[in-house]
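Notes follow once the structure below has been shown.
Every number in this text was worked out from the coordinates using simple rules, so none of it is lab data. Computed from a prediction, not measured in an experiment: that's the story for all the values here. When we count neighbours, we look across all protein chains shown, and the Cβ atoms used for this are built from the backbone with ideal geometry, even at glycine.
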Amino acid sequence: MRGVSRHRPLLALIVLLGFVFLYAPIVSLVVFSFNESRLVTVWGGFSTKWYVELFRDSQILEAAWISLRVAAASASIATVVGTLGAFVLVRFGPFRSRALLSMMITAPLVMPEVIIGLSLLLLFISMEGLIGWPSGRGMMTIIIAHATFGAAYAAVVVQSRLAETDLSLEEAAMDLGARPVRVFFDVTLPGIMPALISSWLLAFTLSLDDLVIASFVSGPGSSTLPMVVFSKVRLGVSPDVNALATIVIALVSLAIIVAALLMNRRRPMR
Amino acid sequence: MSGGGPLGRGALGRALARNRRRLVIAVPLLWLGLFFLVPFLYVAKISLSVPAIARPPYLPLWEWKDGTLDLSLNFGNFLFLIQDRLYLAAYLESLRIAAISTLITLLIGYPMAYAIARSPAGRRNLLLMLVILPFWTSFLLRVYAWIGFLKSNGVINNTLMALGLIDTPLVLMQTDFAVYLGIVYTYLPFMILPLYANLARLDGALLEASADLGARPLTTFATVTLPLSARGIVAGCMLVFIPAVGEFVIPALLGGPDTLMIGAVLWNEFFSNRDWPVASAVAVVMLLVLILPIMLLRRVQAAPEADASKAEDAA
Amino acid sequence: MAQTVPGRTAPPQTTTPQTVTSAVPRPWEDPAATPFVRVEGVTKRFGSFTAVQDVSLDIYRGELFCLLGGSGCGKSTLLRMLAGFEDVSAGRVIIDGRDQTGVPPYLRDTNMMFQSYALFPHLSVEKNIAYGLRREGLPRAEIATRVTDMLSLVQMQGFAARRPHQLSGGQRQRVALARALVKRPKLLLLDEPLGALDRKLREETQLELIKIQQSLGITFIVVTHDQEEAMTLSTRLGVMTEGRIVQTGTPHEIYEFPRSRFVADFIGSVNLFDGRIAVDGTDSATIACPGAGMDIHISHSVAGTVGQAVTVAIRPEKIEMLASPSGTRPNAVEGRVEEVAYMGNLSVYHVRLDSGMIVRVNMSNRSRYDDDVPRPGASVVLEWDGSAGVVLEG
């Protein structure tokens with residue numbers, strides 16, 4: 001950038017220190033997952049025994065499987081609901097419930113998790129009393145809860161993409177004889193596809209990550225991975241959690257590398 | 001994170017048949033209404049009920065008795081929050097911890113965002129991705145990682161002792177310091193991203209103009225860059241402050257027995273004491289406390305759109 | 001709006017009619033002809049803002065009609081109402097005898113070429129052009145033939161498989177034109193069709209556009225802010241400002257017989273002399289112009305009242321600049337050259353009259369040498385014929 005070249009070494013140092021702060025804990029997680037010693041912080045030689053232990057822990061495996069299913073289902077619902085919400089807000093012009101929808105779709109982003117969790121649980125309990133559904137708490141209630149706040153994130157991502165797409169593309173399709181629904185699938189959807197994919201991934205990650213809301217709305221036998229991990233680490237550090245963290249980090253890095261490669265291979269859309 | 005333009009744009013939405021339009025609007029409206037808005041009203045309702053040893057553990061707010069509606073609003077739960085010093089202390093403690101953490105996050109995040117925005121264009125996206133990357137890995141596991149760093153035989157103490165700088169381990173875990181660190185660490189990307197978006201848009205010609213008119217770099221920063229990034233500062237601070245007030249996991253894992261934040265109070269009230277009305281009252285008050293910051297956030301996020309919509313019909 | 005004082009029915013005979021426009025039919029002069037596009041009292045409001053105000057317009061089959069105006073004058077909004085993207089707030093739009101008011105764009109027999117071209121980025125050139133035909137449900141073979149024909153019409157045969165981002169600006173423009181034309185619309189709407197091209201390419205493309213329009217016989221309505229483009233392209237043009245059409249006519253009529261100060265000033269450059277009618281005879285008139293320090297003689301009646309405030313508009317190229325009076329023209333005034341701007345083909349002189357008024361005069365640079373051209377400070381005489389000036393109200 002112009003005019004600040006003299007400060008470049010200082011700026012580079014700031015960025016470097018910032019990244020050390022962000023990544024040092026993550027690196028240490030990975031390093032100590034291969035530690036022979038039970039003491040997470042004292043190096044006792046290389047070992048993969050904590051991975052073996054992790055894969056023998058049926059509680060963690062079961063929770064991970066629940067979490068993955070909850071995350072996939074809630075991310076899919078969130079993407080659909082969020083996309084429709086964003087589309088309505090950006091493309092529909094004024095309608096009566098617009099302000100209400102706009103408020104509801106952004107509010108979950110800034111709402112403390114404890115409030116969302118508490119309020120949804122109270123709703124589920126009272127709905128069960130009134131109409132018998134949902135009967136008890138479990139995966140279904142967690143999926144609904146996660147889909148709701150995931151939809152808010154999805155709406156934001158899709159909204160900004162919709163706002164920057166060229167309106168005349170949709171008009172051109174209509175001008176050439178395509179009816180509105182057709183226009184949406186032929187033109188709008190391909191245009192916002194990258195946003196839909198990031199929305200889904202974002203909602204998936206948020207669901208996989210959530211402890212507080214899930215703790216409120218889950219029932220017996222539907223503990224998610226974060227809930228199990230939380231109860232474990234509350235009692236102190238345990239190396240198999242490090243092993244779990246390492247696997248998560250490896251998977252995320254892999255996904256990001258694949259995504260980056262795909263993005264590079266595909267020609268720019270605009 | 002904004003509510004669209006003041007008016008939606010585009011002929012596509014207008015061209016949709018009326019009943020189809022209604023259907024498309026109904027899906028998000030009903031979903032969010034049922035699973036977001038109604039639950040809130042429900043919390044508000046329960047916060048006004050009398051606790052009871054029953055299932056559910058509170059008395060109904062209204063009842064039909066002999067053909068008349070018997071409405072009994074109970075503000076006792078709110079009075080209880082004021083009378084019991086614990087709640088007031090927890091609210092103040094939460095605000096204090098959130099405010100201090102937000103300030104530290106700003107002091108770390110601003111230089112980083114500035115440095116990234118001023119780095120060569122080709123490198124900016126990579127740096128930005130590195131900022132976001134930790135966010136995609138588990139939040140819980142990242143907080144957990146700090147336990148290994150901070151405990152008495154953790155990485156920091158071991159390193160300092162090996163270097164001979166200290167003889168006895170420092171007490172880092174279960175302190176306010178650990179909580180600040182956890183919040184700053186977790187929410188740093190939320191500070192950097194809006195700041196970066198703001199600073200990257202800053203026209204370099206403005207800085208040159210300032211220099212050309214005789215301002216030294218620090219003066220330029222104070223008189224041009226800083227005022228123009230005010231919006232990003234407010235947005236970033238609110239994005240850190242608001243969730244930090246209600247934070248539960250970080251104080252639970254890194255804080256000590258004295259660290260009393262309101263999220264944990266609500267949690268205990270609900271799960272340990274099973275006092276739903278008081279838990280609901282705690283939630284309602286927390287929301288009232290946060291309304292001001294939330295409005296502030298909405299304002300800074302909504303404003304830039306107004307300019308975009310003006311250009312809508314440049315015939 | 002200010003109207004000309006004389007009924008413009010009798011243009012002075014000294015002006016030679018434009019040969020290009022006289023060669024093609026002029027249906028707008030035929031009272032029996034039925035207009036192909038009829039805009040009746042159309043108004044468009046956005047909230048409290050009125051973008052288009054009570055516009056009525058008749059356009060005939062085969063015309064290339066330009067809507068010309070500055071940004072924000074409502075020309076694009078008018079075009080978008082013809083395409084069906086905007087509803088009209090009041091009035092009717094009739095195309096080929098059918099009322100199109102309220103008909104959605106996908107059911108109209110019009111097609112539009114967008115300013116941004118609006119080529120679908122995820123589709124190849126071929127698929128972009130085929131898109132509209134697919135919506136009609138035509139057989140594949142016919143679609144393929146028509147797309148191929150269209151590609152050769154716009155000379156883009158080799159680019160069928162390319163994506164829009166792999167094309168240059170001029171190539172995208174051709175694809176956008178092909179995509180709009182392939183549906184054989186009754187009416188093609190073009191929003192700043194050449195706006196994104198650089199000057200040289202724009203001039204070539206203008207002529208090509210006219211050729212294509214004439215060979216297909218499709219009615220074109222073009223929105224543009226570029227007056228040269230409008231003059232070159234159009235059979236007739238409509239000048240718009242503040243949501244209204246202030247004058248329609250052939251390029252020649254608009255340039256030589258503006259009916260208001262706005263049009264005179266907007267198209268080309270002009271010298272405006274404010275004055276009052278001093279004498280109004282049967283075939284001549286005199287306008288007293290104290291600002292210029294002279295009386296301007298006009299070689300026809302202005303059909304106004306003596307004392308009425310008028311403005312005489314004289315184009316810079318209609319004024320002759322001489323070293324000494326010739327004595328052959330009715331209007332002559334002395335002045336001093338203030339500034340000279342050399343433009344290549346011509347030079348623009350700013351001459352200050354004794355009254356202080358500045359007059360713009362254009363002179364072609366016939367000689368390659370500048371020995372005998374007036375220089376700043378030179379005393380000169382400005383002369384013009386009685387038919388040179390247009391008398392406008394107020």
- Packing-wise, with mean Cβ within 10 Å as the measure, how do B:281-287, A:78-84 rank, highest first? A:78-84, B:281-287
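If you count, for every residue in A:81-88, the Cβ atoms of partner chains within 10 Å of its Cβ, what is the mean? Display every interim value, and only then the final one.
Numbers: counts 7, 3, 2, 8, 8, 2, 8, 10.
Mean number of neighbouring Cβ atoms from other chains: 6.
Hey, any idea what Rg/Rh is for the stretch C:12-265, computing Rh the Kirkwood way over Cα pairs? List each step's numbers first, then the result.
On the way: Rg = 18.4 Å, Rh = 19.0 Å.
That ratio equals 0.97.
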- Task: Kindly provide the trypsin sites (Lys or Arg not before Pro) of the stretch B:211-307 that DSSP labels as loop, not H, G, I, E or B, and whose Cβ sees at most 16 other Cβ atoms within 10 Å.
- Result: B:R274
- GNM result for chain B, Cα springs below 10 Å: residue of B:A121, B:A235, B:A264 fluctuating most strongly: B:A121
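With the contact rule set at Cα under 8 Å and sequence spacing of 6 or more, what percent relative contact order holds for the stretch C:266-393?
Details: 297 pairs, mean separation 36.2, N = 128.
Here the relative contact order equals 28 percent.
Given Cα pairs under 8 Å that are at least 6 residues apart, what percent is the relative contact order of chain A?
On the way: 301 pairs, mean separation 80.4, N = 270.
It comes to 30 percent, rounded to a whole number.
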- Of the listed peptides A:58-64, B:108-114, what is their order by residue-averaged count of other C-beta atoms within 10 Å, with the highest listed first? B:108-114, A:58-64
- Each residue of the stretch C:294-306 in turn: what ³J(HN,Hα) in whole Hz from Karplus with 6.51, -1.76, 1.60 and θ = phi - 60°, glycine and Pro shown as x? 7, 9, 9, 8, 10, 8, 8, 6, 9, 6, x, 9, 5
- ³J(HN,Hα) computed for each position of the stretch C:259-265 - Karplus, 6.51 cos²θ - 1.76 cosθ + 1.60, integer Hz, glycine/proline x: 9, 8, 4, 4, 5, 4, 7
- Message: Springs between alpha-carbon pairs under 10 angstrom, Gaussian network model over chain B: which of B:L228, B:L140, B:L12 fluctuates most?
- Response: B:L12
- Could you give the dipole magnitude of chain B about its Cα centre, charging the beta-carbon of Lys and Arg +1 and that of Asp and Glu -1, in debye to the nearest 20? 1040
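Over chain C, what relative contact order in percent results from Cα pairs under 8 Å that are six or more residues apart? Could the numbers behind the result be given before it?
On the way: 796 pairs, mean separation 65.4, N = 394.
Reported as a whole number, the value is 17 percent.
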- Along the dipole axis of the protein assembly as shown (charges at Cβ: +1 for Lys and Arg, -1 for Asp and Glu; origin at the Cα centre), the most positive-end residue among A:S215, B:I97, C:S301 is A:S215
- Task: Pull up all non-local amide H partners of C:V52: gap of 5 or more, or a different chain, and H-to-H distance under 5 Å with H placed in the peptide plane.
- Result: C:K44
- Which far-off residues, 5 or more places away or on another chain, put their amide H under 5 Å from the one on B:V50, with H placed in the peptide plane? B:L59
- Gyration tensor on Cα atoms of the stretch B:84-314, a ≥ b ≥ c root eigenvalues, a/c under 1.5 rounded, else prolate if a/b beats b/c, else oblate, says oblate
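Just check the stretch C:185-318 against the gyration tensor rule for me: Cα atoms, a ≥ b ≥ c as the square roots of the eigenvalues, rounded for a/c under 1.5, and otherwise prolate or oblate depending on whether a/b exceeds b/c.
Values: a/c = 2.94, a/b = 2.49, b/c = 1.18.
Prolate, because a/c is 1.5 or more and a/b exceeds b/c.
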- Inter-chain Cβ neighbour average for residues A:97-105, partner chain, 10 Å: 6
- Query: Do the sum for the protein assembly as shown: with -39,500 (n - 2.57) for every DSSP H run of n ≥ 4, divided by all residues, what is the mean residue ellipticity at 222 nm, to the nearest 500 deg cm²/dmol?
  - Reply: -16500 deg cm²/dmol
- The answer for C:N331, listing residues at least 5 apart or on another chain whose modeled amide H is closer than 5 Å to its amide H, is C:W384
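Are there trypsin sites (Lys or Arg not before Pro) in the stretch A:1-104 that DSSP marks as loop and that have at most 15 other Cβ atoms within 10 Å, and which are they? If you can, show how the numbers build up before the last one.
Details: sites: A:R2, A:R6, A:R38, A:K49, A:R56, A:R69, A:R91, A:R96, A:R98; in loops: A:R2, A:R38, A:R96.
In loop regions of the stretch A:1-104 (DSSP not H, G, I, E or B), the sparsely surrounded trypsin sites (Lys or Arg not before Pro) are A:R2, A:R38, A:R96.
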- Query: Can you list the HN-Hα couplings for the stretch B:129-144, worked out from phi with the Karplus curve (6.51, -1.76, 1.60; θ = phi - 60°), rounded to whole Hz and with x for Gly and Pro?
  - Reply: 5, 5, 6, 7, 3, x, 4, 7, 8, 4, 4, 4, 5, 6, 5, 4
- With the dipole of the stretch C:266-393 worked out from charges on the C-beta (+1 for Lys and Arg, -1 for Asp and Glu) around the Cα centre, which of C:P330, C:M357, C:V391 lies farthest toward the positive end? C:M357
- Query: In whole Å, what is the distance between the alpha-carbon centres of the stretch A:124-141 and the stretch C:299-376?
  - Reply: 90
- Given springs between every Cα pair under 10 Å in a Gaussian network model of chain B, which of B:G164, B:G256, B:G148 has the largest fluctuation? B:G164
- Given labels modelled 7 Å from the Cα in the Cβ direction, how far is it in nm from A:V20 to C:T148? 6.8
- Query: So for chain C, taking the charge dipole from beta-carbon charges (+1 Lys/Arg, -1 Asp/Glu), which of C:P27, C:V88, C:F266 sits furthest toward the positive end?
  - Reply: C:V88
- Under the definition of partner shielding as Cβ atoms of other protein chains within 10 Å of a residue Cβ, what is the mean value for peptide C:125-137? 3
